[in-house]
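Since every read-out is calculated from the coordinates, none of them should be taken as a lab result. Just so it is clear, the model here is predicted, and its values are computed rather than measured. Please note: Cβ atoms are built from the backbone with ideal geometry, for glycine as well, and neighbour counts cover all protein chains shown.
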Amino acid sequence: MPDLLLELRSEEIPARMQRRAADDLKKLVTDALVERGFLYEGAKAFATPRRLALHVAGLPPRGQDVREERKGPRVGAPEGAVQGFLKSAGLASLDEATIVKDPKKGEFYVAVIERPGRATLDVLAEILPQIVRSFPWPKSMRWGEASARPGALRWVRPLQSIVATFGPETETPDVVPFEVDGIAAGTTTYGHRFLAPDAIEVRRFDDYVQALERAKVVLDVERRKDIILHDARDLAFARGLELVEDEGLLEEVAGLVEWPVVLLGTYDEAFLDIPAEAIRATIRANQKCFVLRQAGTDTLAPAFVLTSNLVASDGGLAITAGNERVVRARLSDAKFFWETDKGIRLEDRLPKLDTIVFHEKLGTQGARVKRIASLAFALTDDIDADPRLVDRAAKLAKTDLVTEMVGEFPELQGLMGRTYASLQGEDPRVAAAIEDHYRPVGPTDRVPTEPVSVAVALADKLDILTGFWWIDEKPTGSKDPYALRRAALGVIRLILENNLRLSLVGHLFDAAFHAHGRRRAFQIEFGDRTPEELEQALGALGDDAFADTLGNDLLAFFADRLKVYLRDKGARHDLIDAVFALPGQDDLLMVVRRVEALGQFLETDDGRNLLAGYKRAANILRIEEKKDGRAHDAAPDAALAAQGEPEERALADALARAGETASAAVAGEDFAGAMRALSTLRAPVDAFFERVTVNADDPALRRNRLALLNALRAATREVADFSRIEG
Amino acid sequence: MSSASPISSAVDLAPETSFQGLILTLQRFWAAQGCVILQPYDMEVGAGTFHPATTLRALGPKPWKAAYVQPSRRPKDGRYGENPNRLQHYYQFQVILKPNPPNLQELYLASLDAIGVDLKLHDIRFVEDDWESPTLGAWGLGWECWCDGMEVSQFTYFQQVAGFECAPVAGELTYGLERLAMYVQGVENVYDLNFNGGTGDERVSYGDVFLQAEQEYSRHNFEAADTAMLFRQFTDAEKACRTYLDAGAPEGGTGRHRMAQPAYDQCIKASHVFNLLDARGVISVTERQSYILRVRELAKACGAAWLQTAGGGAG
């Protein structure tokens, strides 16, 4: 079976785009083939800084022949019908059609149209240029003379050549005949820019990979990563050191070289005064080099590993020396930042935060810090944190944003704050909170547990969430520029993993919205009023009502995030809906406990049968209420029930008992107990449906039986809205 | 004659041994590629891109090849002559080729070879760096060019300038001359660079030429620059730019613009004044954005005017 080899060679492709581009190329080509009925055995795509390549193995040489029979008019039909038939079937005359006899319909014409399958080569020649023209690069450009014309080809950087061959293993493959903007597909490519500058001829995938390898190009990024990682580990090991591994950096570095050559450089030990993370950040961000540590310790060693793209004629001496020089200059800068920062106490940096705009509608970082501090303070009782420490940590939490070090390396935010705080003798809990208040950053990040950290971390996230709700910039679809979903997940994890009892709407949102409301009113509209006038103005604005609406909207957002979070842990989303459908459910810990208990209950026979009974009752009620045009929501009359069937009486008694017990259990937050109480209803409900006719002839009896069903509906609402439960 | 030549053989103009040798070599190299070798623009600019030979000539359909040194001023980067790598005044070598030739990368590498960077010994890399100038309303895609881990040049394919699509696209190369010279001379401190290639008494260092200036201008930029005057100058330049654009506007709506370049000078002026004000720390974060937008509006208007001139390809 023939194979396709495709290579799109260009000037240097940004490292961060390579993997995605290879995936896209594979998907676009194979999808286009499959769509046209061409199946294949396997496909693999590759990327280096200078090329995207694709191998599609096991394609048929041509598509399937198609035979189609088209039924025409009966023999002797009017001329118009005959002509129409000839035209649509592509026949010159009726001689080319066959006549078929049908016992019922008589004789009629049939045209047999045979279409041979198209040659795969032709189909590729049609597909490939379209894919090149519409390739989904995140950013693309025009270049050269062609760019003067509208509709010029766009590529990530200038596209220089295309190799496209198709054919079986045993023969010389064909070139797929196409061109894009003057670049014709062929069999010529180039290897490493410096180590093998001559043109190379390739025929099919196997010899392509080998030819590239000879021309100092490792096509597969996984192999390049492997080479870099192993060589780096070996180099470190030979010096008694250990590589500080970094997958993100490895991926990036592998996208910057076609032929990795790993070298080891050193720097002056005196730089080790600088915090290790800052050294690492400098060397990583600016030089794309790995740092090393003393074997078996956390102590950095004054050495780094660089990955060059060249087998240099001096064995890499000049390259190492050059890199060492740049690292030295960078570390001198970092040391300067470090020394300068140490000279200014964090609290003295607060005024600077007032000059930094956080968001044009939400004011400065300084204003944000004040809000975070007041909110964190409001949380201290719930979290049992020392209010003095919380206040201090909240106020210092953002001060490292205006340090030189964080200005240079934003990814060190928090960490530098903690370092500087420890250095100036802050309480260790305050220092830790400065770093940890950003946490958890993602679904797998560590959740702070120290109460001071928890208070500031919650306040930080709630301030962002309520702030953006306040100015109506909520996430939509895939757009979430302020990472609000992540912030909400952070709040959820902080609450659940610390077993915190907090009312979101009534307590947290309220406090946070208030901070925004006062600030906004004050800054924008009433900057020059007295405090009395301001209070009056606040009342007129209707801040509270506004905040309530927003609070409920934000709670719905939390419910969605909680669903995602619990679904990942295996919970059913319909159970979460069933619990949130009850009024006043904004204590996340209780919501989760309730969902868990409900889930366990529904796993039991009693639970499943009660749910079935509930559904039956709800159905009957729906139909009858519609028929009667009114709700049957009155309490059942026990005396009337007592005169009816024994099952009716039994159900009335059971409902009264279960409702009361479940309600008491819920009040005591014993959800399992509430479920147990409900489970006692199963037998009487089953018996009721078996023996009792709801639609009795006696209207009073019928009404009372419907009221009984309604009482069942009400009893289940003690724990959840059963109507939301699926199955 | 015994006193024949005052130019002694002690002066070495190889690119590896003198700063000016490096400049001369680059000029010869790009002259051989058909570039017009221009002299620096006679105004204060933040980068070689501001020179009308790049900004304006990048617009319109006419082919254009030029190379020049441009002294560049970044008031905020002043370090009173105390930092071995940072300067508030430095030199860029700028090459602009419109349309970019298909082998621009190879030409660039050949120019490195010409100035003494042995491509068999040094690790040259093209690392993604998309260039954008908010004040010029310009952007392009390209790379920073690394030599052994050090950024020595910017390589950009202009996609848009002054808010207009570049058609055709121009390729722009910007060499950081001091950095490159430090590299080829093997010097760690910019002030130690050999400027003229002389030895002994004949040796003139970069510090001999510029150290005092760095000290004085750092003082000026951070401490003394007259902000009231600068605010006035900004407004004046902005107004003058508009005035010249109006005065030179095509008459009857069909002709050519007659004063695009003088107007653009005022845009350059406004941009530099803004940089000075920024260095003095008198522009707040929010104001900053609005100043940048004001300069960009001027740049756009000048670009539009240029496209109505012969140089801009107007018929």
Hull surface over four for the Cα convex hull of the protein assembly as shown, reported in nm², is 67.4
Correct response: the longest run of chain B lacking exposed GluC sites (Glu not before Pro), defined by DSSP loop and at most 13 other Cβ within 10 Å, is B:189-315
With only helices counted (DSSP H, runs n ≥ 4, each -39500 (n - 2.57)), the per-residue ellipticity at 222 nm for chain A, to the nearest 500, works out to -16500 deg cm²/dmol
Rounded to a whole number, the mean other protein chain Cβ count within 10 angstrom for residues of B:163-176 is 3
For region A:258-320, shape from the Cα gyration tensor axes a ≥ b ≥ c, cut at a/c of 1.5 then a/b versus b/c, turns out prolate
Contact order relative to length for region A:177-235, counting C-alpha pairs under 8 Å separated by 6 or more residues, stands in percent at 22
Taking the convex hull of the alpha-carbon atoms of region A:595-724 and averaging its shadow over every direction gives an area in square nanometres of 7.3
Mean per-residue count of partner chain Cβ within 10 Å for B:123-134 equals 5
Lys and Arg at +1, Asp and Glu at -1: neighbours of B:ASP130 with Cβ under 15 Å from its Cβ sum to -3
hull vol. (C-alpha, convex hull) per residue for chain B, Å³ -> 166
The summed charge of the A:ALA318 Cβ neighbourhood (under 12 Å; Lys/Arg +1, Asp/Glu -1) stands at -3
The answer for trypsin sites (Lys or Arg not before Pro) in region A:438-505 that fall in a DSSP coil and have at most 16 neighbouring Cβ atoms within 10 Å is A:ARG446, A:ARG501
For region A:221-342, averaging the sequence separation of alpha carbon pairs under 8 Å that lie six or more residues apart and dividing by its residue count, the contact order in percent is 30
Counting every C-alpha pair in region A:100-209, the percent lying more than 18 Å apart is 66
The convex hull of the Cα atoms of region B:61-137, divided by residue count, gives a volume in Å³ per residue of 165
Env charge @ B:ALA53, Cβ radius under 15 Å, K,R +1 / D,E -1, value +1
Least to most buried among B:ASP123, A:ASP381, by other C-beta atoms within 10 Å and fewest first, runs A:ASP381, B:ASP123
Relative contact order as a percentage, chain A, C-alpha pairs under 8 Å and 6+ apart, gives 7
Note to self: Kirkwood Rh of region A:8-142, Cα pairs, one decimal, Å, is 18.8
Which of A:LYS225/B:LYS98; A:LYS139/A:LYS225; A:LYS342/B:LYS76 exceed 28 Å between C-alpha atoms? The answer is A:LYS225/B:LYS98
Cα extents of region A:221-342 per principal axis, largest first, Å, are 44, 30, 24
For peptide A:356-367, the mean count of other chain Cβ atoms within 10 Å per residue Cβ is 1
Taking a straight Cα-to-Cα line shorter than 20 Å from B:LYS62, and setting aside same-chain aspartates and glutamates fewer than 8 residues away, one finds A:GLU145, B:GLU165, B:GLU172
The longest stretch of chain A containing none of the GluC sites (Glu not before Pro) that sit in a DSSP loop with at most 11 other Cβ atoms within 10 Å is A:361-725
Per-residue Cβ contact counts at 10 Å, fewest first, order A:HIS573, B:HIS272 as A:HIS573, B:HIS272
Computed curve, region A:66-115, Cα-only Debye sum without solvent term, log₁₀ I(q)/I(0) at 0.20, 0.26, 0.30, 0.31 Å⁻¹, is -0.62, -0.98, -1.21, -1.26
Checking region A:559-665 for trypsin sites (Lys or Arg not before Pro) in a loop per DSSP with at most 12 other beta-carbon atoms within 10 Å yields A:LYS569, A:ARG630
Pairs over 22 Å Cα to Cα, from A:LYS479/A:LYS563; A:LYS474/A:LYS563; A:LYS370/A:LYS398; A:LYS361/A:LYS398; A:LYS288/A:LYS479, come to A:LYS288/A:LYS479
Of all trypsin sites (Lys or Arg not before Pro) in region A:274-346, the ones in DSSP coil with at most 16 other Cβ atoms within 10 Å are A:ARG345
